[in-house]
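Step one of this worksheet: look at the structure below.
Just so you know, all these numbers are worked out from the coordinates, no wet-lab data involved. Predicted model only: the values in this text are computed from it and were never measured. Ideal geometry is used to build each Cβ from the backbone, glycine not excepted, and the neighbour counts take in all protein chains shown.
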Amino acid sequence: MINKSLVIAVAGNPNSGKTSLFNQLTGANLKVGNWPGVTVEKKKGEVIRGDIQFIFVDIPGTYGISARSEDERIAMDFLTKERPDGVIVVLDSANFNRNFYLFTLIAEMDLPVVPVLNMSDMAERRGIMLHEDRLSAIFGIPFVKTIASKGKGVSDLWEVLENIGDLKKPFRLPIYPEMVESVIERLMNQFSKVAPSRFQALGILDGGILTPENEHLRKTVTVLQSELEERLEAELDEVIAEKRYEFVYSVAKECVERRMSTEQKVALTDRIDRFVTNRYLGGPFFLFAMWLLFYLVFAVGNPFADWMDRGFSGLASLVQGQGILTSFVREGLISGVGAVLVFVPNIFILFFLIAIMEDSGYLSRAAFVADRFMHALGLHGKSFIPMLLGFGCNIPAVMAVRTLENEKDRVLTALAVPYMSCSARLPVYLLFVGIFFTRYQSFVVFSLYILGIIIAVAVAKVLRKVFFTKAVSPLVMELPAYHVPSIKTAARSAGIRTAFFLKKAGTFIFGTVLIIWVLASLPIGAEYASAGSVIGKIGSAVAPIFHPAGFDSWQAAVALIFGFLAKEVVVGTFGVLYGGQTALSSALGSQFSALSAMSFMVMTLVYIPCVATIAVIRREIGTQWAVLSVGISITLGYALAVLVFQVGRLLGMG
Ligand code: GDP
Ligand code: MG
C-alpha cells in the first residue's frame with residue numbers, strides 16, 4: 001500500500017505557529033521524545049495520505065541557522081545532516097521581514113521547501129496584505145496561506161505536500177557579491193565533504209558552523225575570510241547578512257502591501273462619517289455625490305459615445321440603395337438599435353460608478369442620511385437602498401424590497417422604486433440633452449434623477465397616508481467600514497450589467513424595433529415612416545392627447561406607446577422613424593423645443609414602469625398593487641408633463 005515515506009521538517013521562527021500547524025497536519029498520531037543528547041522536546045507525527053507516508057518533525061524554532069544556540073544547532077543539524085525530504089517553513093505573516101529572513105536561509109539548503117504564510121488573520125487585522133501569487137511567481141514554488149490555529153489553508157498545504165516531488169529545489173538567491181560567490185565555489189570544490197552544498201559553504205564563510213569535525217579547516221577559512229574582507233572592505237558576516245536583508249526588503253516591497261489596520265480603518269471611518277452622515281452636511285454631500293456621478297457619466301462617457309456614433313453613421317453610409325432588406329438594415333438595425341447602442345459607454349460608466357459607491361460603503365451611508373428625511377415622511381430609511389439600486393435597473397431594485405422586514409415597507413418601497421430613474425431612461429435623456437441642453441447636460445440629467453427621488457418619496461408618503469397608518473420603527477443599521485473600492489470588481493460588475501443591457505438591445509429592443517419598422521413599412525405602397533403608414537396612423541390617433549404637454553407629433557406618441565415595453569425603445573423608435581443620428585437630431589430639433597423636450601423627458605421618467613418591472617412588482621407584492629402602480633404612474637406622468645410645459649409657457653420659456 002505505502003509506496004514511499006517522506007520525512008518533512010516543520011521549521012520556522014519561534015511562535016510562528018509551527019506546533020499548531022504540526023498538530024493540524026498530524027492530528028493525534030504523534031510521538032514525543034527528546035532530541036539526541038539534549039532535553040529539548042522532539043515531536044514526530046505520522047500520517048498516511050494515499051500511498052504516501054508522511055513523517056512530520058516539529059523542529060525547534062529559530063531565527064537563523066548559524067548554530068549559535070542549542071535550538072539553532074538542533075534545527076540546523078536536522079536539516080543539513082538528516083536531510084529530510086522536504087521542509088515546511090512556517091512564516092508569521094504579521095512579521096513578514098523577520099520571518100522571511102529565515103526562509104532565505106533555508107531556501108538555499110538544496111531541499112524542497114514549502115513556505116507557509118501563517119497568521120494570515122493577524123496580518124490582515126494589522127493591514128498587512130501578502131501577495132502569495134507574486135511570491136510564488138518570484139520563487140517558482142507555491143506559497144500557502146494558512147491560519148494554523150483554525151486549520152484554515154491546511155488542505156491547500158496537503159495538496160502541495162502530496163506533490164512535493166515536483167517542487168523546484170535548489171535556489172540561488174541572487175544576492176551576494178561576485179567575489180563571495182567565487183569563494184563559495186572554491187570551498188565547495190576543495191572541501192566537498194564538509195561543504196557539500198552551497199548553503200554549507202556559505203555557513204562556513206559566515207563563521208557560524210565550524211563544528212569540531214571541521215576544525216581543521218579553520219586556517220584555510222580564516223585566510224579566505226580575511227582575503228575577502230580586505231577586498232570587500234567590510235566584515236564578511238555583515239556583508240552576507242546585509243545582502244540577505246536587502247533581498248528580503250526587495251521581496252517585501254514587491255509582495256507585501258500595507259493597508260490600514262482594522263483599528264485605523266474604524267477610526268478613519270468615524271472621521272469620514274462625522275462629515276458624510278452629519279445632520280446638516282449629509283444631505284448636501286449626497287446631492288454633491290450624485291451630481292458628480294452624472295458629471296462623470298458625461299465627461300468620461302461622451303467622447304466614447306461620439307466614437308460609437310461616428311461608427312454607426314459610417315456603417316449606415318455603407319448601406320446604399322433601395323430595396324426592403326437595405327431599408328431594414330439601415331432604418332431598423334443601424335438607426336433603431338444603433339440609436340440605443342451609442343449610449344453604451346455612458347451606461348457602462350453609470351454602472352461602474354454605482355458599483356464603486358456600493359463597494360466603498362457609501363451607499364449604506366446614503367440610506368442612513370436619508371433615514372431622517374424618510375422618517376419624517378413615514379418611510380423606513382432602509383427603503384432607500386432598493387431605491388438607490390433602482391438607478392441601475394428597477395427590476396432588481398423591486399426584488400430588493402424582500403430585505404425589508406414589514407409588509408408595509410415592502411409595498412410602499414416597491415411602489416416608489418419605479419420613479420427612480422433607471423439606466424434605460426438614460427439614453428432618452430442623453431439624446432435630448434445632447435440636442436437641447438448641450439451646456440447643462442449633467443445638471444439637467446442630475447435634476448431628472450433628483451426629481452425621480454422626490455416623486456418616489458412623495459408617492460410613498462401619500463400611499464402610506466391612504467393605506468397604512470402605523471408608526472415606523474427607527475432605522476437600526478450597522479454601517480460597514482469604508483474601504484477602498486476595487487476597480488476590478490466594479491468594472492466586472494459594470495461589465496456584467498452592460499452585457500445584460502447589450503443582450504436586451506440585441507433581443508428585446510431589436511425585436512420591438514423590428515415590429516415598428518414593419519409597421520412603418522406597411523401598407524405596401526405607403527411611404528416609409530410617413531403619417532400614412534400603419535404606425536403613423538396609430539401614432540396620429542394617440543398624439544393629440546399629448547398636445548397639452550407640448551409634444552404632439554405622432555412619432556413621439558409611438559415612442560411612448562412602445563416605450564412601455566422597455567424605455568430604451570423610446571430612443572430606438574425615434575431612430576427607426578427618423579433615420580440615422582444626423583437626421584434624428586435635426587428632426588427632433590424641429591419637432592421639439594427645449595421646453596417640450598423637458599416635458600417629454602419628465603414624461604419618460606414617470607409615465608409607466610416597463611413591462612418587466614410591472615411583472616416583478618406583481619410577483620413581489622401582488623396584482624392589485626401592480627395595477628395601482630401602473631394607474632398612478634400614467635396619471636402622474638401625464639399630469640407632470642403637462643404641468644412642466646404649461647408652467648414653462650406661462651414663464652415665457654416655450
Ligand atoms: P510555535 O512556537 O511556532 O510552535 O507556535 P505555536 O503553534 O505554539 O503557536 C503560538 C501561538 O500562536 C499559539 O497561541 C497559537 O494558538 C497561535 N497561532 C498559531 N497559528 C495562528 C494563526 O494562524 N493565527 C492566529 N491568530 N494565531 C495562531
Ligand atoms: Mg512549538
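The alpha carbons of the range 290-391 give a radius of gyration and a Dmax of 20.2, 63 Å, in that order. What's the angle, to the nearest 10 degrees (0 to 90), between helix 262-276's Cα axis and the longest principal axis of the chain? The angle comes out near 20 degrees. Of all aspartates and glutamates in the structure, the ones whose alpha carbon falls short of 15 Å from that of Lys42, not counting any fewer than 8 places away in one chain, are Asp58, Glu70, Asp71, Glu72, Asp77, Glu82. Does anyone have the angle between helix 96-107 and the longest principal axis of the chain? Alpha-carbon axes, 0 to 90°, nearest 10? Here the helix axis deviates by roughly 50 degrees. Note on the chain: helix-only mean residue ellipticity at 222 nm, from DSSP H runs of 4+ residues weighted -39500 (n - 2.57) and normalised by residue number, equals -18500 deg cm²/dmol. On the basis of the beta-carbon distance and an R0 of 30 Å, Asp133 and Asp270 show a calculated FRET efficiency of 0.35. Between Trp517, Trp307, Pro60, the Cα set farthest toward the positive side of the dipole of the chain (charges on each charged residue's Cβ, about the Cα centre) is that of Trp517. Expressed to the nearest 5 percent, the antiparallel share of DSSP beta bridges inside the chain is 45 percent. When +1 charges are put on Lys and Arg Cβ atoms and -1 charges on Asp and Glu Cβ atoms, the dipole computed for the chain relative to its Cα centre reaches about 2760 debye.
Excluding same-chain neighbours fewer than eight residues apart, the lysines reachable from Lys408 by a Cα-Cα span under 20 Å are Lys382, Lys461, Lys465, Lys470.
Determine the dipole magnitude for the range 249-372: charges of +1 sit on the beta-carbon of Lys and Arg, -1 on that of Asp and Glu, nothing else is charged, the reference point is the Cα centre, and the result goes in debye to the nearest 20.
The dipole magnitude comes to about 320 debye.
With Cα atoms as the point set, the radius of gyration and Dmax of the chain evaluate to 36.1, 112 Å. Go through Lys31/Lys145; Lys4/Lys81; Lys44/Lys81; Lys265/Lys488; Lys488/Lys567; Lys43/Lys168 and tell me which ones have a Cα-Cα distance over 19 Å in this structure. In this structure, Lys31/Lys145; Lys4/Lys81; Lys265/Lys488; Lys488/Lys567; Lys43/Lys168 lie more than 19 Å apart at Cα. Projecting the Cα positions of Asn118, Pro177, Val239 onto the charge dipole of the range 100-254 (unit charges on Cβ atoms of Lys, Arg, Asp and Glu, taken about the Cα centre) puts Asn118 furthest along the positive direction. Rounded to the nearest 10 degrees, the angle from helix 236-255 to the longest Cα principal axis of the chain is 20 degrees.
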